[in-house]
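Presented below is the structure to which this report refers.
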Amino acid sequence: MISGRLLSLSPYKTETTPARIKLSSNELSIEFPEEVKKRIAQEVSKIPFNRYPDPSASLLKEAIAQRLGIDEKNILLGNGSDELIYYLSIAVGEFDRGIFYPVPTFSMYGISAQVIGRERVEVSLEEDFDIDLPNSLRAIEERSPALAYFAYPNNPTGNCFSEHKIRKIREKGLFIVIDEAYYNYSGKTFIEEALQREDTVVLRTLSKIGMAGLRVGFMVAKEEIIRELNKIRLPFNITYPSQVIARLMLTEFYDLIEEEIKKVIRERERLYREMSSMEGIRVYPSSANFILFKSLSMPASLLHKKLVEKGVLIRDFSYLVPQCLRVSIGKKEENDAFLEALYKCMI
Ligand code: PMP
């Protein structure tokens with residue numbers, strides 16, 4: 001018998017509609033050169049995949065630690081940061097204490113809580129998408145959650161919450177998870193605090209910097225916390241090819257990725273400017289690799305459909321944020337195609 005907890009659960013939603021231009025999943029739009037692909041093929045062909053991979057993925061962990069300038073002991077790898085969200089929801093606090101997160105936000109916080117039957121303490125963000133501190137503190141006082149998630153920058157709104165508000169919530173005794181999936185586009189981090197404090201961890205991922213298909217996420221925390229969470233990590237959670245390819249990309253080809261990240265940030269500013277001058281939409285500022293905007297002249301679902309008809313796929317987020325859609329920042333040509341399609345939908 002399937003647990004009643006699952007009956008009210010909706011599966012993780014994503015966009016799978018085929019389209020010429022895909023700007024729906026916040027991936028990095030990058031075509032790696034042939035030279036890179038050949039080098040990868042070379043290394044992948046050496047993998048003895050009849051064997052299990054290194055259970056602790058130590059070579060990949062070493063590459064990540066070096067990039068961050070931290071110790072490997074402070075890193076836990078996950079099959080995407082999604083897996084680490086599950087681990088944290090299972091490991092932090094007792095199940096009779098809830099999980100706090102401001103909404104709208106990334107859906108996995110709520111899904112992971114629901115799966116294990118923990119109370120979801122959701123508090124709506126303010127108009128400008130920052131944390132509503134008085135209401136958050138009230139909810140925490142009344143419902144006493146043990147764990148809090150903050151997507152920083154937040155998905156789908158694109159902003160970084162005020163740091164002092166996050167810290168105020170932590171002062172109430174909650175264990176806080178700062179999900180920095182979009183760190184490379186914001187440059188803002190809580191890593192120093194995660195390395196020093198027992199009540200703060202940071203999540204990062206390779207998904208938004210060109211390696212979504214490899215499914216590699218990681219947590220940065222004090223060694224004691226990593227050691228405890230490692231007890232519930234599924235054995236061999238990072239596949240052999242992912243370990244090999246991610247390490248190669250981080251050690252030999254990271255300059256290519258960095259260059260693309262810079263371009264995305266420039267494109268984000270351009271897109272923001274261009275969209276701000278369009279009638280029929282309201283654009284929200286972003287510190288991530290996507291932009292949220294509101295459709296003012298037609299239902300968001302209709303605008304989404306019209307864009308798909310023009311070959312451009314973005315995400316309709318109106319089920320979470322009224323009338324809003326989210327477009328990922330792609331290559332210049334893709335962004336131009338989006339802008340042109342959007343413009344045509346508006347006239
Ligand atoms: N956190 C946030 C805020 C995200 O937006 C996403 C991806 N949509 C994730 C985590 C999950 O990333 P991963 O691919 O590493 O599982």
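Count neighbours as other Cβ atoms within 10 Å of each site's Cβ, and list the GluC sites (Glu not before Pro) in segment 154-188 that are DSSP loop with at most 13 such neighbours.
Glu171
So what's the net charge close to Thr251: Lys and Arg +1, Asp and Glu -1, counting the other residues with Cβ under 12 Å from its Cβ?
-1
Provide the gained length on full extension for the span Val115 to Lys172, in nm with one decimal, where the gain is 0.36 nm per separating residue minus the Cα-Cα distance.
18.0 nm
Which one of Ile166, Ile47, Ile257 has the biggest mean-square fluctuation once the chain is modelled by GNM with Cα springs under 10 Å?
So, out of Ile166, Ile47, Ile257, the one fluctuating most is Ile47.
What is the gain in length, in nm to one decimal, between Tyr343 and Glu258 on full extension, counting 0.36 nm per residue of separation less the C-alpha to C-alpha distance?
Once the chain is fully extended between Tyr343 and Glu258, it gains 27.5 nm.
From the protein chains alone at 1.4 Å, what is the descending order of accessible area for Tyr272, Tyr109, largest first?
Descending accessible area places them as Tyr272, Tyr109.
Which FRET efficiency, nearest 0.05, do Ala41 and Lys13 yield, Cβ-Cβ r, R0 30 Å?
Efficiency computed from Cβ-Cβ geometry: 0.30.
Of the cross-linked pairs Lys22/Lys188; Lys22/Lys331; Lys22/Lys344; Lys168/Lys231, which ones have a Cα-Cα span greater than 21 Å in the structure shown?
Lys22/Lys188; Lys168/Lys231
Of the peptides 67-77, 29-39, how do they stack up when ordered by the mean number of other Cβ atoms within 10 Å, highest first?
Answer by packing, highest mean first, reads 67-77, 29-39.
In µm²/s, what is D for segment 34-251 at 37 °C and 0.692 mPa s, where D = kT/(6 pi eta Rh) by Stokes-Einstein and Rh is the Kirkwood radius from Cα pairs?
The estimated diffusion coefficient comes to 183 µm²/s.
Aspartates and glutamates within cross-link reach of Lys305: Cα-Cα under 12 Å, excluding same-chain residues under 8 positions apart?
Asp316
Heavy atoms of the protein only, probe of 1.4 Å, neighbouring chains included. What is the accessible area of Asp96 in Å², nearest 10?
For Asp96, the solvent-accessible surface is approximately 130 Å².
Under a straight-distance cross-link criterion of Cα-Cα below 14 Å, which aspartates and glutamates are reachable from Lys222, leaving out those fewer than 8 residues away in the same chain?
Asp71, Glu72, Glu192, Glu193, Glu198, Asp199
If I take R0 = 22 Å and measure r between the Cβ atoms of Ser277 and Tyr319 in this structure, what FRET efficiency does the formula 1/(1 + (r/R0)^6) give, to the nearest 0.05?
So the FRET efficiency works out to roughly 0.20.
Do any chymotrypsin sites (Phe, Trp or Tyr not before Pro) in segment 1-95 lie in a loop, going by DSSP, with at most 14 other beta-carbon atoms within 10 Å of their beta carbon, and if so which?
Listed in order of number, the matching sites are Tyr12, Phe49, Phe95.
Round to the nearest 10 and report in Å² the accessible area of Val121, as given by a 1.4 Å probe over the protein chains' heavy atoms.
Counting only protein heavy atoms, Val121 exposes about 0 Å² to solvent.
Over the chain, with a Gaussian network built from C-alpha contacts below 10 Å, which listed residue (Leu60, Leu234, Leu84) shows the highest mean-square fluctuation?
Comparing Leu60, Leu234, Leu84 in a Gaussian network model of the chain, the most mobile one is Leu234.
Enumerate by residue number the trypsin sites (Lys or Arg not before Pro) in segment 171-267 meeting two conditions: DSSP loop (anything except H, G, I, E, B), and at most 13 other Cβ atoms within 10 Å of the site's Cβ.
Answer by residue number: Lys231.
Just to be sure I follow: if Rg is taken over the C-alpha atoms of segment 165-234 and Rh is the Kirkwood radius over the same atoms, what is Rg/Rh?
Expressed as Rg/Rh, it is 1.00.
Using a 1.4 Å probe and ignoring any ligands, DNA or RNA, find the accessible area of Lys344 and quote it in Å² to the nearest 10.
Accessible area of Lys344: about 110 Å².
The values are calculated or read from the model by the stated rules, or taken from the named source; none is laboratory data. Please read all numbers here as calculations on a predicted model, not as lab measurements. When we count neighbours, we look across all protein chains shown, and the Cβ atoms used for this are built from the backbone with ideal geometry, even at glycine. The accessibility values were calculated without ligands, DNA or RNA, using every heavy atom of the protein model including side chains. Shrake-Rupley method; radii C 1.70, N 1.55, O 1.52, S 1.80 Å.
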